[in-house]
1. The conditions are (1) surrounded by 13 or more Cβ atoms within 10 Å (Cβ to Cβ); (2) among the hydroxyl-bearing types (Ser, Thr, Tyr); (3) out of contact with any helix residue (DSSP H, G or I) (no Cβ under 7 Å at 6 or more places or on another chain), and residue 37 fails exactly one of them. Which is it?
2. Residues 6, 53, 2: which one is surrounded by 12 or more Cβ atoms within 10 Å (Cβ to Cβ), on the phi < 0 side of the Ramachandran plot and over 12 Å from the mean Cα position of the chain (by Cα)?
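The values are calculated or read from the model by the stated rules, or taken from the named source; none is laboratory data. Just so it is clear, the model here is predicted, and its values are computed rather than measured. FYI the Cβ positions are ideal-geometry reconstructions off the backbone, even for glycines, and counts take in every protein chain you see.
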Amino acid sequence: MSKGLSLAARFISIVMALTVTVGVVCFPRLIAVDMHTVPHGWLVCLLLGMSFSYVHAFGFIPNNPYLRILFSPIVAWPLIILGATMIVL
């Protein structure tokens, strides 16, 4: 991957991760009105995607090929999109 494309992907990752962080911390009512209606499965999906995006955004590249795939935008971005979509629906 070219350096410019890599920087763009890392920028998108940090923006997505920060958006999820601000949304969950500052506006928790967007996820659930009370503690009994929290969609725990989809929230886990969203937070895993956020965490993987932070790892990618800060430039960590693991030596293990499985972890390299796990901490890439290929996994992180769909997790965020899927989790956010299912929470909103």
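1. Result: residue 37 passes all but (1).
2. Residue meeting the stated conditions: 6.
To keep it simple, each residue is scored yes or no on (1) assigned to a helix (DSSP H, G or I); (2) among the aromatic types (Phe, Trp, Tyr); (3) out of contact with any strand residue (DSSP E or B) (no Cβ under 8 Å at 6 or more places or on another chain); (4) at pLDDT below 95.
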| position | (1), (2), (3), (4) |
| --- | --- |
| 1 | no, no, yes, yes |
| 8 | yes, no, yes, yes |
| 11 | yes, yes, yes, no |
| 14 | yes, no, yes, no |
| 48 | yes, no, yes, no |
| 53 | yes, no, yes, no |
| 61 | no, no, yes, yes |
| 77 | yes, yes, yes, no |
